[in-house]
Amino acid sequence: MTRPIGTAAELERRRRRAVELLDQGESPTTIARILGVHETSVHRWRRMAREGAGLSAKPHPGPTPLLSTEKWLQLQQLLLRGASKHGWPNGLWTAARVAALIKRHFGVDYHPEHVRRVLKERFDWSSHKPEIRPREQNDKEVERWLDDELPRILRDAFKREATLVFLDEAGFMLTPLVRRSLWPRGRTQIIDALQRHDRISAISCVTLGVHDEQPELYFELLPEGLNVRAENIVAFLNDLRRELRGALTIVWDRHRIRGQARLVKEWLAKQTEVVLEDLPAYFPKGNPDEMVWGWLKYGRLANLCPKDAAELRDHLLTELQWATFDRELLVGFFNHAELGVRL
């Protein structure tokens, strides 16, 4: 006997309605026609009600799962080790790879799309972009800096009433940084882009005063084709000093065009209210300003195909000027760095 269409609650409601109509004197034939069921079902439901068997409908159990809950939990632990640990050349988990892993360890064939759905519903897994951690990064040095150096830097800045300045620079090309995009299945989206190496370099910093609750963003775009040099860093810092006044604590990485450049050293020697602090080597996450460039390149300007450097500059100006007024965005940049100062 095939199960009638409907949820368990709907089936139960139909049975109880049939018994009510019978008690009211309606004929089984009429009730069957009204409810869209066979007359024998009406008689069976009346018999069940009289015998006390109950009219509740049991939820459909569905097919017997090929993997038990215990084995799904085992699979999750296998996946958390990373794809490389299971013989793949990189750490990318795809639905097809997970299906292959299930076949290898449990001898069960699953369609990749079913695997994707189960991981989402059972373990709340989703497709996302991993965070890159530089292989050269010294974890012990980073831990020491976060535990010892950073608290010292913050105490010193508070004592001097200095503004914290996290500074970095980046370059933007005409050739787009291509990201995934929604498009009709089976068709390839074409991006018509220039392959020239025209570029616009930029300098920016995220700042936070000791008495402020909101960070600020300052930036400068260099003329087309120029790379950031020591003289550009000095010019940017001079403009920043005029804008902020007071004491500054500048935190940046150990790039040669900054702390190691002669012009920068000469400028710092003349600034009695400016203190320079270095981030650990290969620790970009510790600089909130890195998030500015990541947000631009991988988000706002992804798949952008400007016709020339002037159009690229216009887009950069629009996005950066907008970001300077988006306090929530800047707070997110700062909090992402996990510097122990939660805004």
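Just to be sure, is Phe236 touching a residue at least 24 places away in the same chain (Cβ under 8 Å), assigned by TED's automatic domain parsing to the domain that holds Ala309 and within 21 Å of Leu316 (Cα to Cα)? Full working, then the answer.
On the way: touching a residue at least 24 places away in the same chain (Cβ under 8 Å): yes; assigned by TED's automatic domain parsing to the domain that holds Ala309: yes; within 21 Å of Leu316 (Cα to Cα): yes.
Spelling it out, Phe236 is indeed touching a residue at least 24 places away in the same chain (Cβ under 8 Å), assigned by TED's automatic domain parsing to the domain that holds Ala309 and within 21 Å of Leu316 (Cα to Cα).
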- Query: Picking from Phe158, Phe123, Phe166, which residue would you name as being in contact with a strand residue (DSSP E or B) (Cβ under 7 Å, 6 or more places away or on another chain) and not charged (D, E, K, R)?
  - Reply: Phe166
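Yes or no: region 249-257 includes at least one residue that is touching a Leu at 6+ places or on another chain (Cβ under 8 Å), over 15 Å from Leu167 (Cβ atoms) and either buried (at least 17 other Cβ atoms within 10 Å of the Cβ) or assigned by TED's automatic domain parsing to the domain that holds Leu217 (or both).
No, there is no match, as no residue in region 249-257 is touching a Leu at 6+ places or on another chain (Cβ under 8 Å), over 15 Å from Leu167 (Cβ atoms) and either buried (at least 17 other Cβ atoms within 10 Å of the Cβ) or assigned by TED's automatic domain parsing to the domain that holds Leu217 (or both).
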- Message: For region 23-40, give me each residue that is aliphatic (A, V, I, L, M) and part of a loop (DSSP other than H, G, I, E, B).
- Response: Val37
- Taking region 85-114 and keeping residues more than 21 Å from Ser68 (Cα to Cα) and within 22 Å of the chain's Cα centre (by Cα) leaves Asn90, Gly91, Leu92, Trp93, Thr94
- Message: Given the criteria surrounded by fewer than 18 Cβ atoms within 10 Å (Cβ to Cβ), modelled with pLDDT of 90 or more and under 24 Å from Gly332 (Cα atoms), does Leu221 qualify?
- Response: yes
- Would you check if there is a residue in region 320-328 being in contact with a Phe, Trp or Tyr (Cβ under 7 Å, 6 or more places away or on another chain) and in the same structural domain as Val234 (by TED's automatic domain parsing)? yes
- Note on the structure: Arg152 passes all but one of the listed conditions (1) closer than 14 Å to Ala281 by Cβ; (2) of a type in the set (Lys, Arg); (3) in the same structural domain as Pro280 (by TED's automatic domain parsing); the exception is number (1)
- Message: Can you go through Ile190, Ile233 and tell me which one is out of contact with any Leu (no Cβ under 7 Å at 6 or more places or on another chain), crowded, with 19+ Cβ neighbours inside 10 Å and either at pLDDT below 95 or of a type in the set (S, T, N, Q) (or both)?
- Response: Ile233
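Given the criteria crowded, with 18+ Cβ neighbours inside 10 Å, assigned by TED's automatic domain parsing to the domain that holds Phe158 and either at pLDDT below 95 or more than 29 Å from Thr175 (Cβ to Cβ) (or both), does Val331 qualify?
No, not satisfied.
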- Phe283 being modelled with pLDDT of 95 or more and surrounded by 17 or more Cβ atoms within 10 Å (Cβ to Cβ): no
- Message: Looking at the structure I just gave you, is Glu243 surrounded by 16 or more Cβ atoms within 10 Å (Cβ to Cβ), over 27 Å from Asp308 (Cα atoms) and of a type in the set (D, E, K, R)?
- Response: no
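The values are calculated or read from the model by the stated rules, or taken from the named source; none is laboratory data. The shown structure was predicted, so the numbers you read here are calculated from the model rather than taken from an experiment. Glycine also receives a Cβ, built like all others from the backbone with ideal geometry; neighbour counts cover every protein chain displayed.
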